[in-house]
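Some notes on the structure that comes next.
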Amino acid sequence: MTTTLLPNHLGGQWHTATGTGTPLFDPILGTELVRVGNAGLDLEAGFRFTREQGGKALRALTYGQRAALLAVIVKVLQANRDAYYEIATANSGTTTKDSAVDIDGGIFTLGYYAKQGEALGDARALLDGARIRMGKDPAFQTQHILQPTHGVALFINAFNFPSWGLWEKAAPALLSGVPVIVKPATATAWLTQRMVKDVIDANILPPGSLSVVCGSSAGLMDQLQPFDVVSFTGSADTARVIRSHPAVAERSVRCNIEADSLNSALLDPAATADSEAFNLLVSEVVREMTVKAGQKCTAIRRVFVPRALYDAAAQAIGAKLAKTSVGNPRHEAVRMGSLVSQEQKASVLEGIARLRAEADVLFDGGSATLLDADPVVAACVAPVLLGSREPAKARLLHEVEVFGPVATLMAYDSIEQAFELIHRGEGSLVSSVYSADPAFIARAALELGSAHGRVHAISPDVAASQTGHGNVMPMSLHGGPGRAGGGEELGGLRALGFYHRRSAVQASSAALDALAASAVALTY
Ligand code: NAP
């Protein structure tokens with residue numbers, strides 16, 4: 001029996017694709033769930049409607065009014081949470097706790113921007129900085145302003161965050177007055193489609209403000225015009241395709257890329273095996289390896305400890321990983337579910353085999369029996385801790401991202417060497433530092449900041465309040481330079497910058513006073 005073909009929403013209408021579409025599967029049971037596809041969809045008309053109708057209607061609202069709409073979306077999503085959890089369990093193979101990172105993380109981010117936007121009030125433009133004198137006459141000055149771009153925001157998203165990946169981008173875009181078209185990754189498109197459907201059905205936003213196109217990405221980038229923006233999250237390989245597309249290369253479409261990353265954790269050289277910093281590192285590494293079965297772009301992939309603590313760290317991390325029960329997330333004793341698909345399982349196993357050319361296996365949970373899951377059918381991979389006593393001689397360990405429950409422990413001889421090895425990741429989303437010494441943390445932040453979107457310092461005094469190495473908080477920047485894609489998202493109201501165009505207005509003080517009356521100062 002063929003399962004339901006999920007309709008797409010574009011051009012203010014629902015469309016069901018022609019043809020049979022692509023099936024989505026339960027990664028534990030192997031059963032087909034729904035289908036997605038967009039054959040026969042008129043992309044050109046849909047993008048035009050979004051740009052012309054959706055954009056115009058959103059820009060007619062003030063920031064405060066748009067923020068109020070975000071708050072209503074939060075309520076609708078909260079009312080439907082149970083359905084989202086069911087979809088996530090079935091389609092992503094995640095435990096309830098792991099689904100929350102995606103579902104509640106997305107709703108929280110939306111709520112955060114609803115609050116931030118409320119404070120922008122009834123303005124329709126933003127003042128960027130203070131007025132600047134341009135010559136002797138103080139009456140003639142320049143004022144930079146930011147206005148919502150007159151285009152669409154196309155989101156091409158990764159499979160691991162079908163909810164958060166939508167809302168962390170849509171919240172600042174809609175608050176800015178820019179209409180959204182989301183193309184979720186095929187493997188987990190169901191949750192994104194369902195959330196968009198709930199919001200459309202609730203009739204909250206003006207027609208054309210929010211659209212979803214599932215299935216093939218073919219032709220989407222071709223639709224982009226100079227004032228559109230594209231925000232991509234996914235692998236470095238696909239990022240290359242996006243960057244070199246004529247829309248970006250020739251039509252100057254603004255492009256944000258969030259790609260893969262070899263994130264790291266660093267233990268203070270002064271730490272001892274019985275120090276709290278050591279224990280905090282061990283707990284965080286285990287958490288990062290197992291949350292969402294390691295399918296987080298921010299997850300710790302490389303763990304740097306002083307050589308003297310290498311064996312102790314291997315033993316402590318391995319002992320905790322041994323307690324992680326893996327299997328069907330519907331079973332109450334299961335702590336870690338599956339990977340998202342058989343393709344991901346094959347890719348992770350291949351990645352582990354590649355890294356093993358340069359690393360030892362310090363812990364492999366693969367010998368434990370899966371709970372309530374058939375090892376042949378289920379896309380489960382148990383946690384694997386690899387290790388290298390000579391990471392300076394390694395290449396692959398600093399290059400290959402294995403997108404699963406895998407990390408590599410590495411020994412360092414001096415802090416200078418540790419910093420140098422971390423930098424071999426060539427730009428990452430996040431590096432976390434474990435130390436009780438504020439001066440060491442400050443030094444590490446300055447050494448690592450330029451190559452990382454975020455430096456997350458965990459010291460004993462913030463052990464209970466720290467938000468987690470891999471958790472992306474909307475008030476902090478998300479993204480990373482170099483290999484991580486060079487993108488920037490979130491960071492409070494900084495996120496609005498991507499969806500606005502900056503212009504310098506050079507005019508008399510009187511004219512700038514008049515301008516200021518309809519704008520609000522953007523402060524971070
Ligand atoms: P992916 O294979 O690159 O796919 C990402 C998205 O691009 C999907 O929606 C995919 O659609 C689409 N796509 C594929 N080929 C395309 C093309 N030629 N033109 C336009 N779009 C195209 O990545 P993934 O496997 O979903 O995600 C895993 C990767 O994402 C990991 O490497 C991870 O590190 C990275 N990631 C990064 C972040 C971050 O914030 N930095 C967050 C999450 C994940 P289909 O699914 O239909 O192929």
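Please give the helix 81-92 orientation as an angle from the longest Cα principal axis of the chain, in degrees from 0 to 90, rounded to the nearest 10. Approximately 50 degrees, to the nearest 10.
When each of GLU489, GLU332, GLU399 is scored by the number of other beta-carbon atoms lying within 10 Å, the sequence from fewest to most is GLU332, GLU399, GLU489. As a rough guide to protection, the peptides 376-385, 56-65, 127-136 ranked by mean Cβ packing within 10 Å, highest first, stand as 376-385, 56-65, 127-136. For the chain, the longest principal axis of the Cα atoms and the long axis of helix 189-201 meet at an angle of about 30 degrees. Full extension of the chain between ILE132 and ARG307 gives 57.6 nm of extra length, using 0.36 nm per residue less the Cα-Cα distance.
Principal-axis analysis of the Cα atoms of the chain puts helix 438-448 at an angle of about 70° to the longest axis. Shape analysis of the range 35-93 based on the Cα gyration tensor places the equivalent ellipsoid semi-axes at 28, 23, 6 Å, largest first. For ARG81 and ALA45, a Förster radius of 30 Å and the Cβ-Cβ distance give a FRET efficiency of 0.30, rounded to the nearest 0.05. When MET221, MET289 are arranged by Cβ crowding within 10 Å, least crowded first, meaning fewest neighbours, the order is MET221, MET289.
Only the coordinates and a few stated rules stand behind these numbers; no lab work does. These figures come from a predicted structure and were not determined experimentally. Heads up, the Cβs are rebuilt from the backbone with ideal geometry, glycines too, and the neighbour counts pull from every protein chain shown.
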